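Written out below as structure tokens is the structure these notes cover.
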Amino acid sequence: MYAIEYQRAKSIAEAAAALARTGGKALAGGQSLVGAMKLRLANPGTVVDLSGLAELKGIKKEGDALTIGALTTHAEVAASAVVRQAIPALAALAEGIGDRQVRNRGTIGGSLANNDPAADYPAAVLALNATVLTNKRKIAADDFFKGMYETALAADEIITAVTFPVPKKAAYVKFPNPASRFALVGVFVAQTGAGVRVAVTGAAPHVHRSSAIEAALAKSFTADAAKAVKIPPDSLNTDLHGSAEYRAHLVSVLAARAVTAAG
């Protein structure tokens, strides 16, 4: 690990000022950043710890929207009666992240800011058409994810919460890497008031929507309709875990399973 300067923020404003001044990185649960630092894949110079900011934690439902604070852990989302009642698919997704240690330290805000290509939460945010709230603005899901480990966040911008519209139906199904539990491919299907949205993680360099499966499910919200869609492998990943062709096949299969799970 490279030498770093550690700062523990006492407020969101103080954290943002420190990030702007130092060009460092915000630390939430540390499950992504600390691991990268240990492997010398990241050298932030300054780490600004957000863990003491109580205003970034919590879960609440207001009307037809569910808001989750950025520092809320995966375990808290998975166990929340409010989440399980409003969006059961989101609670199930959180319960399937990593292992128990990761779920009790990792946070929703940290996962989204990191935007790992195989992370689970980005698929939920994109499929549910969520809004990412920061200390500066509101960012629509379709505008938030920009590329591999790249988001719309500015250097001194901090995620404060995420607001999810409650869908009519939703489900997330993934084929997990047995070691890391990251998604080799994961598909989140949501039937919302604005139509069907399908988000895919793990298959490509970054999370993305599948317009082909969305179109098929808009006509017929059935597993057969999803499974019949042939996904082109051209822009998908090939690595030691699976070829692009294999991932393309999984996208349709998992989308069909998600539709069945959604009911």
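A Stokes-Einstein calculation at 37 °C with viscosity 0.692 mPa s, built on the Kirkwood radius of the chain over Cα pairs, returns a diffusion coefficient of 177 µm²/s. Rounded to the nearest 0.05, the FRET efficiency derived from the C-beta distance between K168 and I4 at R0 = 35 Å is 0.15.
The phi-based Karplus calculation (6.51 cos²θ - 1.76 cosθ + 1.60; θ = phi - 60°) puts the 3J(HN,Hα) values of the range 37-42 at 5, 4, 8, 6, 8, 9 Hz, whole numbers, x for Gly and Pro. Projecting the Cα positions of A179, G110, L93 onto the charge dipole of the range 88-187 (unit charges on Cβ atoms of Lys, Arg, Asp and Glu, taken about the Cα centre) puts L93 furthest along the positive direction.
Dividing the summed -39500 (n - 2.57) terms of all DSSP H runs of n ≥ 4 by the residue count of the chain sets its mean residue ellipticity at 222 nm at -9500 deg cm²/dmol. Where in the range 85-99 does the label zone of A179 land, with the point 7 angstrom along Cα→C-beta and an amide N cut-off under 20 Å? Residues 97-99 qualify, since their backbone N sits under 20 Å from the label point. All other residues whose Cβ lies under 12 angstrom from that of Q191 are scored, Lys and Arg at +1 and Asp and Glu at -1, for a net of +2. Count Lys and Arg as plus one, Asp and Glu as minus one, and take only other residues whose Cβ is under 12 Å from that of F144; the net charge is then -1. Comparing A17, A225, A118 in a Gaussian network model of the chain, where Cα atoms under 10 Å apart are tied by springs, the biggest mean-square fluctuation is seen for A17. When the chain is treated as a Gaussian network with alpha carbon springs shorter than 10 Å, the biggest mean-square fluctuation among A124, A190, A86 belongs to A86.
The order of S235, S80, going from fewest to most other C-beta atoms within 10 Å of their C-beta, is S235, S80. Dipole magnitude for the chain: about 340 debye, using +1 per Lys or Arg Cβ and -1 per Asp or Glu Cβ, origin at the Cα centre. In this rough spin-label picture, where each label sits 7 Å from Cα along the Cβ direction, the R21-K60 distance is 3.1 nm. Here the Gaussian network model covers the chain, with springs between Cα atoms less than 10 Å apart; of S111, S210, S243, S243 fluctuates the most.
Just so you know, all these numbers are worked out from the coordinates, no wet-lab data involved. Not measured: the values here are computed from a predicted model. Cβ sites come from the backbone with ideal geometry, for glycine too, and all protein chains shown count toward neighbours.
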